[in-house]
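In what follows, a structure is listed as C-alpha cells, so that the remarks can point back to it.
The values are calculated or read from the model by the stated rules, or taken from the named source; none is laboratory data. Predicted, not measured: the structure shown is a model, and the values here were computed from it. Here the Cβ positions follow ideal geometry from the backbone for every residue, glycine too, while neighbour counts run over all protein chains shown.
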Amino acid sequence: MLAKAGKRVQILKKFQICEDVELFLLPILPFFIIFAENIYNLLIYNRKMKFTSIIALLLLSANGAAAQNKVTKSYEVTVNNALKRDYKDMPVTIKINDFKADFRVRSAVVKLNGEEIPSQLDDFDGDGHNDELALVLDMKGKSSAKLDVTLCNLPSEKKYKSRVYGDMILNDKNKRIPTITTLSAPGTKITRPYYDAVFLHGPVFESELVGYRIYFDNRQSLDLYGKIKQRIELPTTRFHTTDAQLAEGYGADVLWAGKTVSLGSFRGWDADKKEPLYVDSVKTRQESLRAAGPVRTIIEVKDYDWLYDNHFLTMTQYYTLWAGHRDVKVEVHFEDKLTNETFCTGVQKLETDISGFLDGKKGIAGSWGTNQPEKGKKIFETVGLGIYVPTYYIKDSREDGGNYLFNIGNDGDNEIHYYITFCNQKEENGWKTNKEWFSHVKEWAQQKREEERNTTNYTINIK
C-alpha cells in the first residue's frame, strides 16, 4: 500500500505540477490520482501528448465522475389560496426543511401543469444553505394548485428571465462597477464615508412596477424610484436618470426624504421630544443583498448592539419585493425579546400640495403631494405613499410637521412587520389624484389584513 502511494507521488512529480495547479485540482484530487496513473502509462507510449491535453482529460473525467453523484428527489406540492379573491402573482414560499430532503439542496425545478415555471432558492443568513423555495402563481379565489417540484444536490446553470432586480455596488474611481453582496462597517456616528463608499449610497431593488434603495447610514431611509412603463430599469438608469433617458420614457428618483421617515423607514422614538430617532450608537451596521430574482428580491439591514433605551439591541430588517408587486413587506427581527421599547414608522408629508390621512385604529396612513427629488434639477414629482401596520403592534399614532407616524412595539416577542407601497403620478394607467390613491391604499390595507388571517398554506407529498 505504501509502495503504491509512493508511486502515485512520483506520478505527480513526473507531471511537474505547480503549486497553483495543485490547489486548483485539490477538490478533485481523489479522481486525479486514479486517472493520473493511467495517463502516465499512456505517456510512456506517447511522449508527445501535451500537458494541457492531460489536464483537460483529467477535468472531464473528474466532472463525469462528479456527475454520477447527482441526487434528486421529486415531490408533489399542493398550494392553497385561502382568500375569496383571485390573486395575480401570489407569493408562495416553501421552507426547504419541510421537504425533509436527505441532502443539501442546491437547485430546484418547479412545474405547473407540466410546464416549468420560474422559481428561486434563497439563503437568508448567508450560511450557504438554502432556506426557502420561492415562486409566484396566478390563482382563483378559494382554489388549489398542484406543483411538481424536483430538488437536486448540484447547482444548476439554468437562468429564468427575471422580473425583479437587486444589487449593491462599491464606488470605484476606475468605474469598474464592483458588485458586492454584503457590506459591514463600524458603527461610528460619522456615517458619511460609508454612505459615499456605496454606489447609489446603498443597495437598490425593483420590480417591473417600482424601485427602491436603502441608505447605508444611520437613517436607513428608503428612497423611491417611480416608473412610467412597467419594466426593469435600474441596470440602465442606476437611479439617476439622464435627460436623454427621461426623453425615452424612463422613470426617475421621485422622493426627497430629508429628515423624515420617508416611506416606512424603521426608527427609534424620543419620548421626551416626541420625535423619531435615527439608528445611532451601534457597534456594527451591515447591509446585504439576500436575493435578486427571478421572482423576488430581498435586502437585509442589520445593526449589532444598538444602544437604545439604555440597553443593547441587535436588530435585523428584511425588505422583500415580489414580481408583479409594488408593495414591500418590512420585517424587523430582534435577537432578544422586547420588553417595553417603543419604536416608530410611518409616511412623510410631501413638500407642496400636501394631503394625507392617519387611521390609528386600522393601522393605515396615506400621503399625497409634490416634491423636488433632486435639488439641482428643476424636476418635480407627484407621488402617493401608503403604509399598513397590523394593529396589534400599534401603541399610539400621531401627526407632526413632516410625518404621519405610528408608535409601535411588541412586548414579550422579538418580531415586528408591516407593509409599504407607493405610486408615481406619471405611471401609465396609474393613480392621478389623491382621492384615487387614498381609496387604493385603504383597499390594499384590507387585502393585507385578509392575507394576515389567511396565510397561503401548502402540503408536500413525496412522489
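Pairs needed: first member in the stretch 116-133, touching a residue at least 40 places away in the same chain (Cβ under 8 Å); second member anywhere, among the β-branched types (V, I, T) and crowded, with 18+ Cβ neighbours inside 10 Å; C-beta distance under 7 Å; at least 6 residues apart or different chains.
Listed by first residue and then by second, the contacts come to P118/V295; S119/V110; S119/V295; Q120/V295; D122/I298; L133/I94; L133/I96.
List the strands (runs of 3 or more DSSP E) that sit entirely inside the stretch 350-395 and contain at least 1 residues that are buried (at least 19 other Cβ atoms within 10 Å of the Cβ) and under 26 Å from the mean Cα position of the chain (by Cα).
Of the strands (runs of 3 or more DSSP E) lying wholly inside the stretch 350-395, those with at least 1 residues that are buried (at least 19 other Cβ atoms within 10 Å of the Cβ) and under 26 Å from the mean Cα position of the chain (by Cα) span 364-371, 381-388.
Could you list all residues from the stretch 72-94 that are more than 18 Å from the chain's Cα centre (by Cα) and over 22 Å from N153 (Cα atoms)?
Selection gives T78, V79, N80, N81, A82, L83, K84, R85, D86, Y87, K88.
Using beta carbons and a limit of 6 Å, which pairs, at least six apart or on different chains, have the first residue in the stretch 78-99 and farther than 16 Å from W322 by Cβ and the second one modelled with pLDDT under 95 and part of a strand (DSSP E or B)?
T78/T459; N80/N457; D98/I460
For every residue, the table says whether it meets (1) within 22 Å of S288 (Cβ to Cβ); (2) touching a Ser or Thr at 6+ places or on another chain (Cβ under 6 Å); (3) small (G, A, S).
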residue	(1), (2), (3)
A145	no, no, yes
L154	no, no, no
Y160	no, no, no
Y165	yes, no, no
K173	no, no, no
T182	yes, yes, no
T188	yes, no, no
V204	yes, no, no
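Only one residue in Q286, Q245 is touching a helix residue (DSSP H, G or I) at 6+ places or on another chain (Cβ under 6 Å), over 15 Å from V330 (Cβ atoms) and in the same structural domain as L224 (by TED's automatic domain parsing). Which one?
Being touching a helix residue (DSSP H, G or I) at 6+ places or on another chain (Cβ under 6 Å), over 15 Å from V330 (Cβ atoms) and in the same structural domain as L224 (by TED's automatic domain parsing) holds for just one of Q286, Q245, which is Q245.
Go through (1) surrounded by fewer than 17 Cβ atoms within 10 Å (Cβ to Cβ); (2) assigned to a strand (DSSP E or B) and name the single condition Y318 misses.
Y318 satisfies all of (1) surrounded by fewer than 17 Cβ atoms within 10 Å (Cβ to Cβ); (2) assigned to a strand (DSSP E or B) except (1).
Can you name the residue in the stretch 95-130 that is surrounded by 17 or more Cβ atoms within 10 Å (Cβ to Cβ) and within 16 Å of the chain's Cα centre (by Cα) and, of all such residues, is farthest from K448 (Cα to Cα)?
Residue satisfying both the conditions and the ranking: N130.
Does the stretch 71-85 hold any residues that are at pLDDT below 95 and either exposed (fewer than 15 other Cβ atoms within 10 Å of the Cβ) or of a type in the set (A, V, I, L, M) (or both), and which are they?
Correct list: A82, L83, K84, R85.
Can you spot a residue in the stretch 394-404 that is within 28 Å of E233 (Cα to Cα) and modelled with pLDDT of 95 or more?
No, the conditions are met nowhere in the stretch 394-404.
Output the number of residues of the stretch 364-387 satisfying the condition of being basic (K, R) and either in contact with a helix residue (DSSP H, G or I) (Cβ under 7 Å, 6 or more places away or on another chain) or without any contact (Cβ under 8 Å) to a residue 60 or more places away in the chain (or both).
The number of residues fulfilling the criteria is 2.
Answer with yes or no whether T236 is in a loop (DSSP other than H, G, I, E, B), surrounded by fewer than 20 Cβ atoms within 10 Å (Cβ to Cβ) and polar (S, T, N, Q).
no
What about F357, is it in contact with a helix residue (DSSP H, G or I) (Cβ under 7 Å, 6 or more places away or on another chain) and among the aromatic types (F, W, Y)?
It is true that F357 is in contact with a helix residue (DSSP H, G or I) (Cβ under 7 Å, 6 or more places away or on another chain) and among the aromatic types (F, W, Y).
Just give me the residues in the stretch 164-179 being assigned to a strand (DSSP E or B) and free of Cβ contacts under 8 Å to residues at least 24 places away in the same chain, in sequence order.
Correct list: T179 only.
Are any residues in the stretch 180-195 in a strand (DSSP E or B) and either surrounded by 13 or more Cβ atoms within 10 Å (Cβ to Cβ) or touching a His at 6+ places or on another chain (Cβ under 6 Å) (or both), and if so, which ones?
I180, T182, L183, S184, A185 - these are the residues of the stretch 180-195 that are in a strand (DSSP E or B) and either surrounded by 13 or more Cβ atoms within 10 Å (Cβ to Cβ) or touching a His at 6+ places or on another chain (Cβ under 6 Å) (or both).
Within the stretch 210-227, does at least one residue satisfy the condition of being of a type in the set (A, V, I, L, M, F, W, C) and surrounded by fewer than 21 Cβ atoms within 10 Å (Cβ to Cβ)?
no
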